[in-house]
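Undergrad: Below are the C-alpha cells for one structure; questions will follow.
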Amino acid sequence: MWKKLFTKEFKKIGQSVILVGHSLGGSMLLKYLSEERPNISISALFLVSTPFWGKDGWDVEDFVLQENFEATLKHINNVYLYHCKSDKIVPFQHLNFYKKAFPHSIVRILNGTEHAFSKGLPELVSDIKKL
Amino acid sequence: MQSKTPRKNSKKSCSLIVVGDKEVPEKAVLTWYLGSDQNYQKNIIFFFP
C-alpha cells in the first residue's frame, strides 16, 4: 500500500526533489528508491535516525534491503545521515550500516537521546539551505 | 563600481518530500523549522505510510 502512495506522490514531481526520511520513513524511502527505481531527479537524500533491518539490526523481513541496494542509488550525489549518540529508539550502531553503504555521505552525529526531534533538527535545515 | 542591481535568488526551485514515521507526530519531526522557510513551505509534502 505504501509503495502505491509513494508512486502517486512521486508522479507529481516535475522537478528535482529533496527527500527526507525519518526513522521508519527513511527505511521505506530506501526500499522504495532501490527496488522501484522511480524516474525522478533527486538533489539530496537526508536520512534521520533510520533503523537498519537485518541480522545485525532489527530483524524484520519486510524492511530488509536487497543485497547491494546501494548500487541502485549511486545517482544520488548528496546523502546526509543524522543520528543521536544515545537515541532511545533506534540504537546508534544502526548508523554504521548506512555509513558503510554510503561512504561518501555526510554524517552528522548528534549529542543527546532524541529520536523524534521534538524541538526540531536545525542541522538538517542548515544542510538543506546550503544545497 | 558596484552594481546596485539586486542579486537574483539563485536557489533552484525544488520540491521537498518528507517521509515520516507514523509513530511520530508530524509537527514534532521537522516542520517547526522547515515550515517557516518560505522557499520550501509550499512544496513540502508530508506523508506517513
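Undergrad: Among the residues of segment A:13-39, write down those that are more than 8 Å from every other protein chain (Cβ to nearest Cβ) and either surrounded by fewer than 18 Cβ atoms within 10 Å (Cβ to Cβ) or aromatic (Phe, Trp, Tyr) (or both).
TA: A:14, A:32, A:34, A:35, A:36, A:37, A:38, A:39
Undergrad: So how many residues does segment A:40-50 have that are closer than 15 Å to residue B:15 by Cβ and either buried (at least 24 other Cβ atoms within 10 Å of the Cβ) or more than 10 Å from the chain's Cα centre (by Cα) (or both)?
TA: Counting residues in segment A:40-50 that are closer than 15 Å to residue B:15 by Cβ and either buried (at least 24 other Cβ atoms within 10 Å of the Cβ) or more than 10 Å from the chain's Cα centre (by Cα) (or both) gives 6.
Undergrad: Restricting attention to segment A:91-128, and to residues there that are within 14 Å of residue A:46 (Cα to Cα) and within 7 Å of chain B (Cβ to nearest Cβ), which single residue is surrounded by the most Cβ atoms within 10 Å (Cβ to Cβ)?
TA: Here the residue is A:121.
Undergrad: Consider residue A:88 carefully, then state whether it is within 10 Å of chain B (Cβ to nearest Cβ), surrounded by fewer than 18 Cβ atoms within 10 Å (Cβ to Cβ), free of Cβ contacts under 8 Å to residues at least 40 places away in the same chain and assigned to a loop (DSSP other than H, G, I, E, B).
TA: no
Undergrad: Still on this structure, please answer the following. Against the condition in contact with a Cys (Cβ under 6 Å, 6 or more places away or on another chain) and either farther than 20 Å from residue A:129 by Cα or not in a loop (DSSP other than H, G, I, E, B) (or both), how does residue A:18 come out, does it pass?
TA: yes
Undergrad: Take the residues of segment A:48-68 that are over 21 Å from residue A:107 (Cα atoms) and part of a loop (DSSP other than H, G, I, E, B): which is nearest to the other protein chains (Cβ to nearest Cβ)?
TA: Here the residue is A:60.
Undergrad: If residue A:8 passes every condition in (1) surrounded by 12 or more Cβ atoms within 10 Å (Cβ to Cβ); (2) part of a helix (DSSP H, G or I) but one, which one does it miss?
TA: Among (1) surrounded by 12 or more Cβ atoms within 10 Å (Cβ to Cβ); (2) part of a helix (DSSP H, G or I), residue A:8 violates only (1).
Undergrad: How about segment A:97-131: which of its residues are touching a residue at least 40 places away in the same chain (Cβ under 8 Å) and more than 14 Å from residue A:48 (Cβ to Cβ)?
TA: Once the filter is applied, which keeps residues that are touching a residue at least 40 places away in the same chain (Cβ under 8 Å) and more than 14 Å from residue A:48 (Cβ to Cβ), segment A:97-131 yields A:97, A:131.
Undergrad: Quick check on this structure: which one of A:30, A:81, A:45 is without any contact (Cβ under 8 Å) to a residue 60 or more places away in the chain, within 16 Å of residue B:19 (Cα to Cα) and part of a helix (DSSP H, G or I)?
TA: It is A:30.
Undergrad: Next question. Residue A:71: surrounded by fewer than 22 Cβ atoms within 10 Å (Cβ to Cβ) and assigned to a helix (DSSP H, G or I), yes or no?
TA: Judged against the criteria, residue A:71 is a match.
Undergrad: Restricting to segment A:91-111, what's the tally of residues that are under 14 Å from the mean Cα position of the chain (by Cα) and not in a loop (DSSP other than H, G, I, E, B)?
TA: 11
Since every read-out is calculated from the coordinates, none of them should be taken as a lab result. What you are looking at is a predicted structure, and each value in this text was computed from that prediction instead of being measured. Positions of Cβ are backbone-derived with ideal geometry, glycine not excepted, and every protein chain shown enters the neighbour counts.
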